Amino acid sequence: MLIITIMRASTLSFLFLLVFAVQPAFAGEEKSADAASTSSRAVIREMNLARQNPALYATFVEELRGKMNGNMMILPGHTRIRTKEGTAALDEAIRFLRNAPPEAPLSLSPGMCRAAADHCADQAAGGSGHAGRDSSRADGRIARYGTFGGWWGENISYGKATARDVVLALIIDDGLPARKHRKNIFNPDFNFAGAAFGRHARFGTMCSMDFAGSYTERGQASAETLVARNF
């Protein structure tokens, strides 16, 4: 699985970019998964559950920890997933969640969901990374459907079949010590988010998530139509 994160302040002149081509925890290739079973609303709802009740979310990570054997996670059906940090990453995530203060929920933005769906559609054939085939970046894509202010960010997850799988992997961030994906999810400066979930030729599934400090919608964008815009 490939997970990528990017964030920027719209008022600053620099771009902070992290691109990871790694095999983090829980990176199974779920190529037969039905991507349409996970909606943009489900992804935002799952991130809000983590933001508003991090202690509860810690119990989900604890359940995963019980499936660890050294650096190997043993899942039902004897599926084995090798991790980079083993239980250390899960223990660190549990500590973080147990001590994290609750954050306000992210407001779902239909326009930002459309931007995320654009990127899923662009990469459905097997692409990866933040740049679109038209050289667009996340800030340009979200600006297609509205006006944003403050910080903006983007997380991309490949190979996960459900909203919870996506959010758990991003929070644990196995093999990525800076935990930048987690920081995006819990960033108190982010107030709006959009997401899209679709099939991916290489990794089976893809989830794109965009964040912004403020966002004003343009037109009558509807998030409901964007679960499977790319297939």
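The values are calculated or read from the model by the stated rules, or taken from the named source; none is laboratory data. Values in this document were obtained by computation on a predicted structure and should not be read as measured data. FYI the Cβ positions are ideal-geometry reconstructions off the backbone, even for glycines, and counts take in every protein chain you see. The area values use the complete protein model at the heavy-atom level, side chains included, leaving out ligands, DNA and RNA. Shrake-Rupley method; radii C 1.70, N 1.55, O 1.52, S 1.80 Å.
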In the stretch 157-205, residues that are among the aromatic types (F, W, Y) and open to solvent by less than 10 Å² (accessible area, probe 1.4 Å) total 3
Can you confirm whether E63 is part of a helix (DSSP H, G or I) and modelled with pLDDT under 95?
yes
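With respect to I142, determine if the residue is within 18 Å of Y57 (Cβ to Cβ) and surrounded by 23 or more Cβ atoms within 10 Å (Cβ to Cβ). Working first, answer last.
Values: within 18 Å of Y57 (Cβ to Cβ): no; surrounded by 23 or more Cβ atoms within 10 Å (Cβ to Cβ): yes.
No: the conditions fail for I142.
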Inspect all residues belonging to the stretch 148-160 and state whether any of them is over 14 Å from the mean Cα position of the chain (by Cα) and small (G, A, S). yes
Note on the stretch 53-102: residues of a type in the set (S, T, N, Q) and surrounded by 12 or more Cβ atoms within 10 Å (Cβ to Cβ) are N53, T59, N71, T83, T87
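So, restricting to helices (runs of 4 or more DSSP H) that lie completely within the stretch 103-221, which ones have at least 2 residues that are of a type in the set (K, R)?
Filter on the stretch 103-221 gives 180-186.
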